[in-house]
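Undergrad: Below is the structure I would like to discuss, written out as structure tokens.
Please treat every number below as a calculation from the coordinates, not as lab data. Here the structure is a predicted model, which is why all the values come from computation and not from measurement. Heads up, the Cβs are rebuilt from the backbone with ideal geometry, glycines too, and the neighbour counts pull from every protein chain shown.
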Amino acid sequence: MLGSGILKGLAVTAKNFVGSYHNPARMVTQEYPDVQPQLPANYRNFPFLVTENATDPMGTMRCVACQICEKECPPQCIYIEKSKDKKPDANGKLQLYPAVFDIDTAVCMSCQLCVEVCPFDAIKMDHVFAIAATNRFSGLLLNREELAKPNTYFHEIRPDEAAEVDGRLAAERAAAEEKAKAAAAAKATAATATKPATGGAAAP
């Protein structure tokens, strides 16, 4: 019958319209900003930098200023300057750190490429979306102090991904510790083997 598709579509629309008044599952309107939306874990907005400790964010930042994210960023909104000195990372290895780490959120397109290319799990996508500012340049240009957020926050917004990252990092740290212990044991054994014997009987 000619026009039956239109009638079926109108029936579906009418059903959804009526249901939105009496079915709580269909009442999707929220009284924002009084009621904040519950965002799904996979929601992404702008990046943030993960730190191990909330009390010392600049001293426990995972980023080692490798600048891979800066080079791979399509809109070129990330700017990094390497430090002149080094600090120990979570494994105790001396690493460089970003003396400057800026992201221009006015240009960022939330593509998540910086997250995918980071070999240290140091940058992740945030859930913050209310970022209105009175100044387009200074208000939307975030520095490392504003970008740094603790690993506990990462667990709050993306619990499954954060648990997977923590497990992988813990395994890597355990492997590094075992490797260091094996190297120290091998060095000690080699030193013992090459040490000249003492206390033997005197020659006649």
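Undergrad: Taking residue 149 as the anchor, which lysines have their alpha carbon closer than 29 Å to its alpha carbon, excluding any fewer than eight residues away along the same chain?
TA: 71, 82, 84, 86, 87, 93, 124
Undergrad: Mind giving me the FRET efficiency for residue 94 and residue 26? R0 is 45 Å, r the Cβ-Cβ distance, nearest 0.05 is fine.
TA: The formula returns an efficiency of 0.20 here.
Undergrad: Here's something else I'd like to know. Can you give the extra length, in nm with one decimal, that the chain gains between residue 14 and residue 187 once fully stretched, where that is 0.36 nm per residue apart less the Cα-Cα distance?
TA: 54.4 nm
Undergrad: Compute the long axis of helix 159-194 from its Cα atoms, compare it with the longest principal axis of the Cα atoms of the chain, and write down the angle in degrees, 0 to 90, nearest 10.
TA: It is inclined by approximately 10 degrees.
Undergrad: Then there's this: Under the rule of -39500 (n - 2.57) per DSSP H run of 4 or more residues, summed and divided by the residues of the chain, what mean residue ellipticity at 222 nm is obtained, to the nearest 500 deg cm²/dmol?
TA: -11500 deg cm²/dmol
Undergrad: Charges on Cβ only, +1 for Lys and Arg, -1 for Asp and Glu, centred on the Cα centroid of the chain; of 155, 191, 78, which one is farthest towards the dipole's positive end?
TA: So the residue we want is 191.
Undergrad: With +1 on the Cβ of every Lys and Arg and -1 on the Cβ of every Asp and Glu, and nothing else charged, how large is the dipole of the chain about its Cα centre, in debye rounded to the nearest 20?
TA: 480 debye
Undergrad: Restricting the count to DSSP beta bridges whose residues both fall in segment 47-163, what percent are antiparallel, rounded to a multiple of 5?
TA: 80 percent
Undergrad: Using a 7 Å offset from the Cα along the Cα-to-Cβ direction at both residue 1 and residue 85, what is the distance between the two label points in nm, to one decimal?
TA: For the pair residue 1/residue 85, the computed spacing is 8.3 nm.
Undergrad: Then there is this: What angle, in degrees between 0 and 90 and rounded to the nearest 10, separates the Cα long axis of helix 4-22 from the longest principal axis of the Cα atoms of the chain?
TA: It works out to around 70 degrees.
Undergrad: Just how large is the dipole of segment 47-163 about the Cα centre, in debye to the nearest 20, putting +1 at every Lys and Arg Cβ and -1 at every Asp and Glu Cβ?
TA: 280 debye
Undergrad: Ranking request for peptides 45-58, 69-82, 166-179: highest mean number of other beta-carbon atoms within 10 Å first, then the rest in descending order.
TA: 45-58, 69-82, 166-179
Undergrad: Once Lys and Arg get +1 and Asp and Glu get -1 on their Cβ, which of 114, 182, 130 lies farthest toward the positive end of the dipole of segment 113-197?
TA: Farthest towards the positive pole: 182.
Undergrad: Could you compute the net charge surrounding residue 107? Neighbours are other residues with a C-beta less than 15 Å from the C-beta of residue 107; K and R count +1, D and E count -1.
TA: Computed value for this residue: -3.
Undergrad: Mind checking the dipole of segment 97-167: about its Cα centre, +1 per Lys or Arg Cβ, -1 per Asp or Glu Cβ, Debye to the nearest 20?
TA: Charge dipole, segment 97-167, about its Cα centre: 300 debye, nearest 20.
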